[in-house]
Amino acid sequence: MTNREAEQRLRDEAKSLLESAKVDYIVGFADGSLKFHTTPLITRNKDDVDHLVINPFMASNLAKFLTELEGRVGIVAKGCDSRSIVSLVQDNKVSREKVVIVGIPCRGMINLSKIEQLAGKESDEIDDITRQGDKVVVKLDGSEKEIPVKEVLFDHCLACELPTPKEYDLLIDEPIPATPDEEASQAKINKLEELSHHERWRFWQNEFSRCIRCYACRNVCPACYCQRCFVEEAEPQWILSIPKWQDNLIFQIIRNIHLAGRCTDCGECERACPVNIPLRSLSKEMYDLVGELFGFKSGMEIDAAPLLTHYELEEAEDFFR
Amino acid sequence: MNQKISKKDISKLLDELGKEFKVFSPSRESGVTTFAEWDGRDSSFLEWYRNTVISPKAQLQPLYEKMFSFHKDKEGYHLELPPPTDKKLIFGIRPCDAKALTIIDKTFQDTYQDPYYLDKRKNTLLVGLGCTNPYDSCFCTSLGLSPTQSSDVDLMLTDIGDEFLIEAVTDRGMKLIKKTSYLKEVTKTDEAKAEEARRQASSKVTRRLDTKDLAKRLLSSFDDQDFWEKVSNKCISCGICTLLCPTCYCFDISDELVKKEGSRFRSGDSCAFPVYTKMPMENPRLEKWRRVRQKVCHKYEFYPMSFEVIACSGCGRCIRLCPVNWDITQILASLPVKVKA
């Protein structure tokens, strides 16, 4: 199926879901107002579904909107989005019956920051970016540059274990097998791990000095669904509301602990950060730790029990009983 | 009479200005583009600087600042005020960011004169640098300014190739260049080049916002809940567009206490956050659409009602940095009710 055909099928399916009143909302991606950007399309109107697109710039994790919308929702989901949906279902935040998962097999999303770095230009100055198989062609100032796709995908996409949703109601195209390249995905994190304790501490001090406490990392995260976040508690006040680096760091550490077993490594926190804090370098550590200690990967199996809210009578630790 | 300076001499000029002022210039040293203290060598910003993520407003209203410290002993409480403000110079401020300061001045010197902001403002000189390469998110020309406009700075620089044309806008600006030895007289050709640069820069700003009757149109759409729900549904209620906006100025006040001493801080706050309007019994803006409406109406309806100027200079940060590409120009263009002039 060509991309155009897939897009048309998606629009047709979305329209029929709305027309047959199987869903109240369609949540998907539309072209953004900036070059090479998409924007979430959340609509009840069947005429709007003609704006739905499928392209390599659908970076957002739309599962975030499921906890906000009332009624039945037809949601466009890449593999990673489907993991977040599954995790939300397991946490009883979203009812599976109220969601129609429209699965999109995904070959990875293009990280514009990586393209900008390689091209030496910002994205609005670039004429065109197209994916052609394992290459990305960047048109700039009348010339074309071919870049291996692995150099420009998001780090979390490089490690993707589920390009095609496992849990879906409709699948728009042929499934794509997983080909995770853990090494490439870990490159940035491995460099950090090579640093001494002291150097790493200095690194994070510097990174968190930039934090402006916009909470975009928390607000784009589907797993951050608490109605009252600990940072906003006044009694007791866990951390100061002013963006001092120490408090910024503690905020992020506690957030990561809260997300153990919920984080699906979708990379949204790092993408949303307006001041370029490499947040995935923290969250991926927690993700891997959960995998190592418990053999658990959030959102992979719909029947799995959620990691930290479930216990067995046979648990070795008797304080559970 | 205008003068000019070679781009090669900018470092020397900044060194010279650094003797009298704490000089701030565009920097990406910290990992994000912002204005940082001139380090005496790095004028490479002239190559890459378009507009910074953190606007130079942060030099006047920092993300957080100490208002005073206090401690308690046998005699009671003692207050300690922050040290006097440094004399600062912001080199390279863009016309939109300079205009933004003129806009928020009105709030800080209204019936309440805010000493924290105004002391810094009085002691800060602005050296503007006209844009040559605006972003596709920029829409300053729709707000009645141009990317090379000199109205809100002390000294204005316009790129004319290997040199900058320098225009002294205020007396303070005039004094600044009197002392420096790197300036040359401009020729008619230079003036013509500057004019062409101004024209080109303006033509590169392509995003539009129709401000005609905007306040009226907003007023008549205020109760249209369907509209506000529709345009706010993809907003994630983060603080990016407000905290990074050069015309947003809201702040919160909090104390840091350690045993018998502490400090009072103020820090940026955002009307996008539900806790912004949290009160003991209720929250008038618990729903997202009410918060989005507040943000939009404050800038384009309430602020002009109070101060006769729109609280937006078209810098486009709210569009460019938004994680979901929420676009204020699209929202305003889709306002449902058209009011007859």
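The values are calculated or read from the model by the stated rules, or taken from the named source; none is laboratory data. All of these numbers come straight from a predicted model, not from anything done at the bench. Here the Cβ is made from the backbone with ideal geometry for all residues, glycine too, and neighbour counts use every protein chain on show. The accessibility values were calculated without ligands, DNA or RNA, using every heavy atom of the protein model including side chains. Shrake-Rupley method; radii C 1.70, N 1.55, O 1.52, S 1.80 Å.
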### Query
Dipole of chain A, Cα-centred, from +1 at each Lys and Arg C-beta and -1 at each Asp and Glu C-beta, to the nearest 20 debye?
600 debye
## Note on the structure
Length-normalised contact order of chain A, Cα under 8 Å, at least 6 apart, in percent, tallies to 16 percent
#### Entry: Loss of accessible area when B meets A, both sides summed, Å² nearest 100, probe 1.4 Å
3200 Å²
### Task
Within the stretch B:261-338, report the trypsin sites (Lys or Arg not before Pro) that DSSP leaves as loop and that have at most 16 other Cβ atoms within 10 Å.
B:Lys278, B:Lys338
### Task
Of the options A:Met109, A:Ser209, A:Ser298, report the single residue whose Cα projects farthest towards the positive end of the charge dipole of the protein assembly as shown (beta-carbon charges: Lys, Arg +1; Asp, Glu -1).
A:Ser209
### Summary
The size of the Cβ-based charge dipole (Lys, Arg +1; Asp, Glu -1) of the protein assembly as shown about the Cα centre, to the nearest 20 debye, is 2100 debye
### Query
Are there trypsin sites (Lys or Arg not before Pro) in the stretch A:2-39 that DSSP puts in a loop and that have at most 14 other Cβ atoms within 10 Å, and which ones?
A:Lys22
### Message
How charged is the neighbourhood of A:Lys139? Take every other residue with its Cβ under 10 Å from the Cβ of A:Lys139, and add Lys/Arg as +1 and Asp/Glu as -1.
### Response
-3
### Message
I want the local charge near A:Cys266. Using Cβ-Cβ distances under 13 Å, sum +1 for each Lys or Arg and -1 for each Asp or Glu among the other residues.
### Response
+2
### Task
Please go through the stretch B:1-67 and write out the GluC sites (Glu not before Pro) that DSSP classes as loop and that have at most 13 other C-beta atoms within 10 Å.
B:Glu20, B:Glu29
#### Entry: Dipole moment magnitude, nearest 20 debye, the stretch B:213-312 about Cα centre, only Lys, Arg, Asp, Glu C-beta charged
220 debye
## Note on the structure
Note on chain B: alpha-carbon gyration tensor, axes a ≥ b ≥ c; rule is a/c under 1.5 for rounded, else prolate if a/b larger than b/c, else oblate; result oblate
### Message
So if the hydrodynamic radius of the stretch B:217-341 is defined as the Kirkwood radius over C-alpha pairs, what does Stokes-Einstein give as its diffusion coefficient at 20 °C and 1.002 mPa s, in µm² per second?
### Response
134 µm²/s
### Task
If a/c stays under 1.5 just call it rounded; otherwise compare a/b with b/c (prolate if a/b is bigger, oblate if not). Do that for the stretch B:107-199, with a ≥ b ≥ c from the square roots of the Cα gyration tensor eigenvalues.
oblate
### Dipole of chain B, positive end: most advanced residue of B:Ala168, B:Gln330, B:Leu157 [Cβ charges, Cα centre]
B:Gln330
### Summary
Expressed in angstrom and ordered largest first, the alpha-carbon extents of the stretch B:123-277 along the principal axes are 57, 52, 25
### Message
On a 19 Å Cα-Cα criterion, which of the cross-link pairs B:Lys99/B:Lys122; A:Lys244/B:Lys88; B:Lys87/B:Lys179; B:Lys216/B:Lys299; A:Lys35/B:Lys204 come out too long?
### Response
A:Lys244/B:Lys88
### Message
Give me a comma-separated list of calculated 3J(HN,Hα) values for the stretch A:159-172, in order, Karplus coefficients 6.51, -1.76, 1.60 applied at θ = phi - 60°, integers in Hz, x for any Gly or Pro.
### Response
9, 4, 9, 9, x, 10, x, 8, 9, 7, 9, 9, 10, 7
### Message
Residue by residue through the stretch B:32-39, what is 3J(HN,Hα) from phi via Karplus (6.51 cos²θ - 1.76 cosθ + 1.60, θ = phi - 60°)? Round to whole Hz and write x for glycine and proline.
### Response
9, 6, 7, 9, 10, 4, 4, 9
### Summary
Here the averaged projected area of the stretch A:115-201, based on the convex hull of its alpha-carbon atoms and given in nm², is 8.7 nm²
## Note on the structure
By the Cα gyration tensor axes a ≥ b ≥ c (a/c under 1.5 gives rounded; else a/b larger than b/c gives prolate, otherwise oblate), the shape of the stretch A:1-71 is oblate
## Note on the structure
In whole percents, the bins of 10 Å from zero upward hold the Cα-Cα pairs of the stretch B:1-132 as 10, 37, 31, 14, 5, 2, 0
### Summary
Rh_Kirkwood(the protein assembly as shown) over Cα pairs, Å, one decimal, evaluates to 26.9 Å
### Cα pair distances exceeding 11 angstrom across the stretch A:112-152, given as percent
59 percent
### Message
Within 11 Å, Cβ to Cβ, of A:Ile242, how many net charges do the neighbouring residues add up to if Lys/Arg are +1 and Asp/Glu are -1?
### Response
-1
### Task
Determine, for the stretch A:60-152, the count of lysine pairs separated by eight or more sequence positions (or lying on different chains) whose alpha-carbon distance falls under 22 Å.
19
### Message
Taking each residue in A:43-51, count the Cβ atoms of any other chain within 10 Å of its Cβ, then average. What number comes out?
### Response
1
## Note on the structure
Computed Rg/Rh for chain A (Cα atoms; Rh = Kirkwood radius) stands at 0.97
### Query
Can you give the convex hull volume per residue for the Cα atoms of the stretch A:185-274, as a whole number of Å³?
113 Å³
### Task
Answer with one residue from B:Ser142, B:Leu63, B:Asn233: the one whose Cα lies farthest towards the positive end of the charge dipole of chain B, charges on Cβ with Lys, Arg +1 and Asp, Glu -1.
B:Asn233
#### Entry: Mean separation of Cα contacts under 8 Å, 6 or more apart, over the residue count of chain B: relative contact order %
21 percent
